[in-house]
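Laboratory data are not the source of any read-out in this text; all were calculated from the coordinates shown. Given the structure is predicted, the values throughout are model-derived calculations rather than measurements. Here the Cβ positions follow ideal geometry from the backbone for every residue, glycine too, while neighbour counts run over all protein chains shown.
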Amino acid sequence: MVNPGQKEDKSKTTGEKPGTVPSAPKRQIELPPNITVRQLADILQVTPIDIIKQLMRTGIMANINQVIDFKTATVVAAGFDVETKLEHRAAIKARAQEIKTQQKQQQGEQAAGLQPRPPVITIMGHVDHGKTKLLDAIRQTNVVDQEAGGITQHIGAYQIELNGEKMTFLDTPGHAAFTAMRARGAQVTDITILVVAADDGVMPQTLEAIDHARAAGVPIIVAINKIDKPGANPDRIKQQLAEHSLVVEDWGGDTIAVPVSAKEKTGITELLETIRLIAEMEELKADPNKPAEGTVIEAKMDHTRGVLFTVLVSSGTLKEGDVIVVGRVWGKVKAMFTDAGKRVKRAPPSTPVEVLGLDSVPEVGDVMTVVADEKTAQAAIEKLKASAPSSSGTINLSNLYEQVNAGKVKELAIILKTDVQGSMEPIRNSLEKLSSDQIKVHIIHSGTGNINESDVMLAIASKAVIIGFSTSVDPGAKRLAELDGISIRVYDIIYNLVDDVEKALKGMLQPKEIEVIDGHADIRAIFPAGKKEKAAGIYVTDGKILRSDTVRVVRGGKIVHESTISSLRRFKDDVREVATGYECGIGIQGFSDYNVGDKLEFLHIEKAS
């Protein structure tokens, strides 16, 4: 109520404080009918995480690549004090045309030879959720080349045909092999099928598969398997997937989920139709007329025919008689066979074939290329052997700041492993808050348990660092990380973990000392070495022993002594090192309480990457 002679205080109706200048008009932006979270973040000049948080406040779980409509985008923009209006149809059409023109210009002359090719599909998921049975059901439903006399054989990949259109399926042993191929520079998959059992639910290995597929940047189709079982609950699966930002279409997301039963062979046709639909949207193309390139899927030494390897041709057409370079070996294609055992003379893009023609077995993930002649092949191998392996493509916390300043890195990808789930969220939140305009911190995978080889393979493929909290590193993972220059850091205090990453982003992190395991040995005998001293006769089980190493005596899984090596002898000679498979005598400084069966661990200290 306003008293007589008193002016009305407009601040009560406008929300402005008395005596303040009226606020500036809100910023306005134009948006298309549909837009991804990432695109909206760029337009609003905020981070995608801010957009996702705003969506969560409205009850929508979304990932960075999810498409939202104009109405939802308007609600999100309002949270940042920005008004929106729908982009004019003519502007949308002009922008779409501009994008197409740019794409054509980028492709240039290469586009002239591009032709549609079959999609390549990988099936991943938890170990007991029916991946193999689903592959078998697909194979039995629509196998290409079912001629009489055809001998079906396992070559690691096969093709099926649906209404005259082919699809290639990779029969790889899980996401670790899938990522191993990516780590070696091969992007072999176009679509990933995530198999989740309707009677079990989303498991840790399911989440790993999701992260590996996302890191590869390929579309994901969810196959909800075992719908025939009594305890099946597809809606519960969809809820669990939504909790991990994988929202299915009938819940308002962009991920297609197909209920199937590999056992009863129901839903298989619908799954194949879905694959065909997504493949059409992806517009997969390759040039079949250029020299062939491909990736090794499997390799073996056959006792009767010699070296056989399966290659998935990615571009060009592989022909009998072609001279090929595969990794560090070369040869000439003598014969090619399909998974049905049929001999073929040509293999176009997206075709898997078993090839005969090399003298030594290549590695899975090796890239195959066709070259002009044998001389060119030999020169390529010599050049490859001369070039020393380099880990310059990897990222570590110690040199992160220099790489950011040089413009080489704009995102710090992190694989986070913790002891328990309760530690995960506070660490994730703390790390993601360290993002800046120069560099974004992105947790590409998180989980509980030890750091394993699968984590390292994902780090290699994604150029990520691995951070552990109150957990340990599997020996195999440690060796693989050392071989490929992958940075692993383990912490027991959250503050130290976050502080080190922050210092790395600012260029203030000092190199950290880490233990490098050189080898292990077993004590097999004990003998006197002087009046009171004793020595141990040992057998080196792996790695090697260096005279300068620190040695730990492990008994019953516990360290009972740690010291330096006082003597290292083979027969009567003092030696500097002893390799795997050899016996020697050892003396340990300040220790003589040896027991037969004790384990010895040998290590040295290095500056961490």
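Over the range 293-386, what is the relative contact order in whole percent, taking alpha-carbon pairs under 8 Å and six or more residues apart?
So the answer I get is 36 percent.
Fully extending the segment from Tyr495 to Asp50 would add 157.8 nm, taking 0.36 nm per residue of separation and subtracting the current Cα-Cα distance.
Distant-in-sequence amide contacts of Glu411, defined by a placed amide H-H separation under 5 Å and a gap of 5 or more residues or a different chain, comprise Lys440. Centre-to-centre separation between the Cα atoms of the range 447-466 and those of the range 252-326: 26 Å. Sorting 538-546, 231-239 by their mean Cβ neighbour count within 10 Å, with the most densely packed peptide first, gives 538-546, 231-239.
Applying 1/(1 + (r/R0)^6) with r as the Cβ-Cβ distance of Glu432 and Arg576 and R0 = 45 angstrom yields a FRET efficiency of 0.40. Spin-label model, Gln240/Lys345: points 7 Å from Cα along the beta carbon direction are separated by 5.2 nm.
Here the Karplus relation 6.51 cos²θ - 1.76 cosθ + 1.60, evaluated at θ = phi - 60°, turns the backbone of the range 415-429 into coupling constants of 9, 10, 10, 10, 6, 9, 4, x, 7, 5, 4, x, 5, 4, 4 Hz, with x for every Gly and Pro.
Grab the Cα-Cα distance for Asp474 and Glu273, subtract it from 0.36 nm times how many residues apart they are, and report the gain in nm with one decimal.
Using 0.36 nm per residue and subtracting the Cα-Cα distance, I get 68.2 nm.
Amide hydrogen proximity for Ala286: with H placed 1.01 Å from N in the peptide plane, the residues at 5 or more positions away or on another chain lying under 5 Å are Gln115, Arg117. Between Glu583 and Arg27, full extension at 0.36 nm per residue minus the direct alpha carbon distance yields a gain of 192.5 nm. At R0 = 41 Å, how high is the FRET efficiency between Trp251 and Val554 if r is their beta carbon distance? Nearest 0.05 is fine. It comes to 0.20. Here's how it looks for Ser446: its modeled amide H is under 5 Å from those of Leu416, which are all 5 or more places away or on a different chain. Annotation for Asn233 and Asn163: the two label points, set 7 Å from Cα along the Cα-Cβ direction, are 3.6 nm apart. Per-peptide packing, taken as the mean over residues of other Cβ atoms within 10 Å, places 356-366, 218-228, 49-59 in the sequence 218-228, 356-366, 49-59 from highest down. As a length-normalised measure over Cα pairs under 8 Å and 6 or more apart, the relative contact order of the range 463-510 settles at 41 percent. Separation of the range 467-485 and the range 538-572, taken as the distance between their Cα centroids, equals 22 angstrom. Extending 7 Å from Cα along the Cβ direction at Thr74 and again at Arg57 yields two label points whose distance is 1.8 nm.
For the range 223-232, 3J(HN,Hα) computed residue by residue from phi via the Karplus equation (6.51, -1.76, 1.60; θ = phi - 60°) reads 9, 7, 8, 6, 5, 7, 7, x, x, 5 Hz, glycine and proline entered as x.
With viscosity set to 1.002 mPa s and temperature to 20 °C, compute the Stokes-Einstein D of the range 200-241, Rh being the Kirkwood radius across alpha carbon pairs; µm²/s, no decimals. D, rounded to a whole number, is 188 µm²/s.
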